[in-house]
Amino acid sequence: MKSMSKILGTLALLLLMCGARTALAQATIRIGDTIEVRLAGVPIEEMSQFSAPYTVDDSGSLNLPYIGLLKVTGLAYNQAQVLIETKLKVEKIYTNPTITIAPGARFVTVGNQVKAPGRIPYSADLKLLGAINAAGGFTDYADKKHVHLTRDNKIQIIDAKDIAKHPEKDIPILPGDQIDVPQGWL
């Protein structure tokens, strides 16, 4: 019986790891993301000149050595890898480059009427109330019925009091989201 529970535990861990890998593969690159780009399949001195962290600029591009600006917003990480590899080959910069891209730290910003406003590390299972709780929870003056969620320059007004009563309504949070809890009337 113990060996069966060990097998089930191992299977659950493997499924969790696959789910995290799938979430990363489905994540898209956004403006402001920091991305770790690694180059292989070329001379070592070339790898060190190219391999580095890069930040996606306001136009949605990475400024890469030898290539220049390359638009990557909206792409999945694996798509960006293929795009960079293809560009290096087509421009005849390298004949057989291998690019690996890993996301840098991603954050959600929570501010105004929370006890510890600031940036919170993003995780794939983060939801609105979890982000607010990670920022210390609501202050006594918070307007819980009119929480502002800004995503892709669009503001959504959310009733966090209703979500607290009905947790199934909690909203998944994405990297780069901004949560603003306004002050309520006394």
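Listing for the model above:
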{"quantity": "Distance (nanometres) between label positions extended 7 Å along Cα→Cβ at residue 82 and residue 139", "calculated": "4.9"}
{"quantity": "GNM result for the chain, Cα springs below 10 Å: residue of 52, 76, 27 fluctuating most strongly", "calculated": "52"}
{"quantity": "Net charge, residue 64 excluded, C-beta distance under 15 Å - Lys, Arg +1, Asp, Glu -1", "calculated": "-2"}
{"quantity": "Within the chain, helix-based [θ] at 222 nm, where runs of 4 or more DSSP H residues each add -39,500 (n - 2.57), nearest 500", "calculated": "-10000 deg cm²/dmol"}
{"quantity": "Charge dipole (region 27-103, unit charges on Cβ, about Cα centre) - positive-most of 37, 72, 54", "calculated": "72"}
{"quantity": "Qualifying lysines (Cα of each under 23 Å from Cα of residue 161; at least 8 residues distant if same chain)", "calculated": "115, 127, 144, 145, 169"}
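Coordinate-derived values only; no laboratory data. Note that the coordinates shown come from a computational prediction; the quantities given were computed from them, not determined experimentally. Every residue, glycine among them, receives a Cβ derived from its backbone with ideal geometry; neighbour counts consider all protein chains shown.
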